[in-house]
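S.K.: Could you have a look at this structure, given as structure tokens, before my questions?
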Amino acid sequence: MKNLLTILLVFVMAFTFNSTAQNNSNEEYQYKPFIPPLGYEEAGKRAENVLSGMTLEEKINLIGGHNFFFIKGFENHKIPQLYLSDATQGIHIRSSLSNSMEKSVAFPCPIALTATWNVRLTNEYARSIGEECRAGDIAVLLGPGMNIYRVSQNGRNFEYFGEDPFLAARMIENYVAGVQSTGTIATLKHFVCNNNEFRRRTTNVIVDERTLNEIYLPAFKAGIDAGAMSVMTSYNQVNGEWAGQSQYVISNLLRKQLGFKWLVMSDWWSTWDPVKTIKSGLDLEMPGIISGSPVFKKTGDIFVKTNAIQLIKDGSVDEEDINRMALNILRTEIAMGLFERQVKDEGYLKNFEEHEKVALQTARESIVLLKNHNNILPIKEKKKMLLTGEFVEKLPAGGGSASVEGYDIITMLAALKNEFGDNIEYVEDPCDEQLQSAEIVLLSTGTLDTEGSDRPFDLPESVEKKIIEITAKNPNTVVIVNSGSGINMTGWIDKAAAVLYAWYPGQNGNIALAEVLSGTTNPSGKLPMTIEKKFEDSPGYGYLPEGESIVAKSGDDMNMDFPINTIEYKEGILVGYRWYDTKGIEPLFHFGYGLSYTTFSYSDLKVSSNEFRKGEKVSIEFTLTNAGKVEGAEIAQVYVRDVQSSVLRPIKELKGFKKVSLNPGESKTVKIELNEKDFSFWDENKKDWNAEPGEFEILIGSSSNDIRLKTTIKLL
Ligand code: BGC
């Protein structure tokens, strides 16, 4: 009994924490990796014990999903039933499931979170979502999603963390640590190379090892190192095999190379060969149910759960294979204390108000000011403003499994009325006279992106036409873009007076927009991706099969009759700014770019030493000053350039950043440490990271294209 009490206390202590204040800087902050209450060995021993009492049928029922979103429980073995729920930007409520939550906070989408470049805030955002999971009896969060932004047309970019592996990795480690500090399991998804949604189930990605290691794996690696307890595989094939049944992907890349030990589950209906699935290293096949899925009309019943007995009988697999899968599920559950404690804790409901504050703070820091001609913003004096466009009265949000309904929704109209009162007039379809007589026009546009399909980089013709017309009629037009990814702005960017990228803001994020327009909040977001001038300029251009339309028809996502679309990642490591820099293609907006209502100056760059040896750290210091008249936050970025290399290397790569808040006239010293890995590339011969001796430039910038300070150091 005493023993049991001690264990319980360990779990309670492990998941108790104090709420920290919100902070729009991350100067002195360092996250703590998550360590499960019970270690791998100890949890494994207990799991073996439980497993030894289970029948083969029970084990088989454990390794396939239950009722779409559950891992089966077995009362006779005291194995709890566990609820798995989406996703990265809050809890997707499934009202079809009994006992589902009444409400959950709709946070700004993850790419917006990434635009804050605020790792501390990421931790708070994720911890809030972890708490909501606890309130809603959710043991496993089906997020964070973290596929790299390779094409702007990807319908799921809004769910992910942008184009840069270093930035994504820093956000993800904080996300994982935040969610799991509440006792909720975080699931890193989708492993790997699910970088577009166009016919995702019939896509075969051809990618080389160096590209995987430098671009597509780092965010997963960071999540694993931060202690993630679960990984979900992706729908696509990787080098010729579906990820969910690929030994190369699961046993090799994920388990052996990245060192992941805990639960690996498949994405929903993404495995096609039960023998391969069992042998791949996967533990849990989701959802384990056929009904409702037209995908099986052609393929038939190929679930592990329904075929395993026969497969054991005919010798295609062994009972030992089933044991391995079941053992790892149990081990993960036991390590997280799920055999000892209740998941549901309604005490967390009282924290929802705090979560709303975190959501709002995220929205504040996420908005990126792309253009501000003649400092039209902020709108300080009383001006007659006309508001028009698409998302004035309805909240724009990403769709699919990641969608979160939210509550107490604040529309753009409500938020702007609240901030500017009668100076705002909403006109759905303004005439020329109305447009011309307004002192400022606020024009809302954007896209509604969703899982299961991609969407064109270009806005629909009618929308594009309208923006061109309005910006031509009133030169004081401020365009507000709500989107989960880049859009084509080339046709009207010169005409617009100002442009704000406001992503999907979440249930209360329009308040942040109003604050930015009025100047109560100084924008500090920076782009986590490059926005190209035209889609043809981008590294992933050409991923659609010749002659095929990007617009998906109903049923396409589940249609397995399409021929396999082989997408060769020919650009290799040159994704995002690495591509535009190296190819000399000028994008419309560079990675890391974003304006403020103040200006920042950079000075006094010092490095700890001009020469360093392998294994040594290099410490960089510089002074950042707010040279303007209002308080603001700057995201200072450190890029590294290998001056001479035996292999192709990008012109520069992000290797450090800090978000620093400064009062007018204030200066702060910014310190960033680099280590050997920050100078390395993935060496395919050595199968390891390799930093080649020679010169490296250290570039300190306000964006990837606005380098303010520079020095050269030498690796001996
Ligand atoms: C998505 C996953 C999601 C799962 C369960 C799939 O369609 O790709 O991200 O977690 O559904 O909702």
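The values are calculated or read from the model by the stated rules, or taken from the named source; none is laboratory data. On a predicted model such as this, the values are computed, not experimentally measured, just so you know. Every residue, glycine among them, receives a Cβ derived from its backbone with ideal geometry; neighbour counts consider all protein chains shown.
S.K.: Among (1) surrounded by 13 or more Cβ atoms within 10 Å (Cβ to Cβ); (2) in a helix (DSSP H, G or I); (3) at pLDDT 95 or above, where does Val12 come up short?
M.R.: Condition (3) is where Val12 drops out.
S.K.: If you check Ala139, Ala169, Ala186, which single one turns out to be in contact with a Pro (Cβ under 7 Å, 6 or more places away or on another chain), under 30 Å from Lys72 (Cβ atoms) and touching a residue at least 24 places away in the same chain (Cβ under 8 Å)?
M.R.: Within the list Ala139, Ala169, Ala186, the selection yields Ala186.
S.K.: Please work out if Leu282 is within 16 Å of the ligand (Cβ to nearest atom), at pLDDT 95 or above and either part of a helix (DSSP H, G or I) or under 21 Å from Pro218 (Cα atoms) (or both).
M.R.: yes
S.K.: Quickly run through region 369-390 and pick out the residues that are in contact with a Gly (Cβ under 9 Å, 6 or more places away or on another chain) and either at positive phi or buried (at least 24 other Cβ atoms within 10 Å of the Cβ) (or both).
M.R.: Matches in region 369-390: Gly389 only.
S.K.: Give the number of residues within region 264-279 that are under 18 Å from Pro144 (Cα atoms) and either part of a loop (DSSP other than H, G, I, E, B) or more than 16 Å from the ligand (Cβ to nearest atom) (or both).
M.R.: The number of residues fulfilling the criteria is 3.
S.K.: Could you figure out which of (1) modelled with pLDDT of 95 or more; (2) more than 20 Å from Asp556 (Cβ to Cβ); (3) in a helix (DSSP H, G or I) isn't true of Lys261?
M.R.: With (1) modelled with pLDDT of 95 or more; (2) more than 20 Å from Asp556 (Cβ to Cβ); (3) in a helix (DSSP H, G or I) applied to Lys261, the lone miss is (3).
S.K.: Restricting to region 549-584, what's the tally of residues that are at pLDDT 95 or above, farther than 23 Å from Val192 by Cβ and charged (D, E, K, R)?
M.R.: Selection size over region 549-584: 2.
S.K.: Within region 570-591, track down each residue that is of a type in the set (Val, Ile, Thr) and within 23 Å of the chain's Cα centre (by Cα).
M.R.: Ile573, Val575
S.K.: For region 162-173, does any single residue satisfy the condition of being within 15 Å of the ligand (Cβ to nearest atom), crowded, with 24+ Cβ neighbours inside 10 Å, under 28 Å from Gly540 (Cβ atoms) and not aromatic (Phe, Trp, Tyr)?
M.R.: No, the conditions are met nowhere in region 162-173.
S.K.: Which one is farthest from the chain's Cα centre (by Cα) among residues in region 83-138 that are outside any helix (DSSP H, G or I), within 16 Å of the ligand (Cβ to nearest atom) and aliphatic (A, V, I, L, M)?
M.R.: Leu97
S.K.: Still on this structure, I have one more. If you check Gly223 against the conditions, is it within 16 Å of the ligand (Cβ to nearest atom), touching a residue at least 12 places away in the same chain (Cβ under 8 Å) and under 17 Å from the mean Cα position of the chain (by Cα)?
M.R.: Criteria met by Gly223.
S.K.: At pLDDT 95 or above, buried (at least 17 other Cβ atoms within 10 Å of the Cβ), more than 16 Å from the ligand (Cβ to nearest atom) and assigned to a helix (DSSP H, G or I), is that true of Gln310? So that I can check it myself, show each step before the final result.
M.R.: Details: at pLDDT 95 or above: yes; buried (at least 17 other Cβ atoms within 10 Å of the Cβ): no; more than 16 Å from the ligand (Cβ to nearest atom): yes; assigned to a helix (DSSP H, G or I): yes.
Spelling it out, it is not the case that Gln310 is at pLDDT 95 or above, buried (at least 17 other Cβ atoms within 10 Å of the Cβ), more than 16 Å from the ligand (Cβ to nearest atom) and assigned to a helix (DSSP H, G or I).
S.K.: Any idea which of (1) free of Cβ contacts under 8 Å to residues at least 24 places away in the same chain; (2) within 16 Å of the ligand (Cβ to nearest atom) is the one Val238 doesn't satisfy?
M.R.: (1)
S.K.: Go through region 57-78 and give me each residue that's farther than 15 Å from Val140 by Cα, outside any helix (DSSP H, G or I) and away from the ligand (no atom under 16 Å from the Cβ).
M.R.: Across region 57-78, the qualifying residues are Ile63, Phe74, Lys78.
S.K.: Taking region 392-406, which residues are away from the ligand (no atom under 12 Å from the Cβ), surrounded by fewer than 21 Cβ atoms within 10 Å (Cβ to Cβ) and more than 15 Å from Thr445 (Cβ to Cβ)?
M.R.: Glu405
S.K.: If you go through region 183-199 one residue at a time, do you hit one that is away from the ligand (no atom under 16 Å from the Cβ) and not in a loop (DSSP other than H, G, I, E, B)?
M.R.: No, that holds for no residue.
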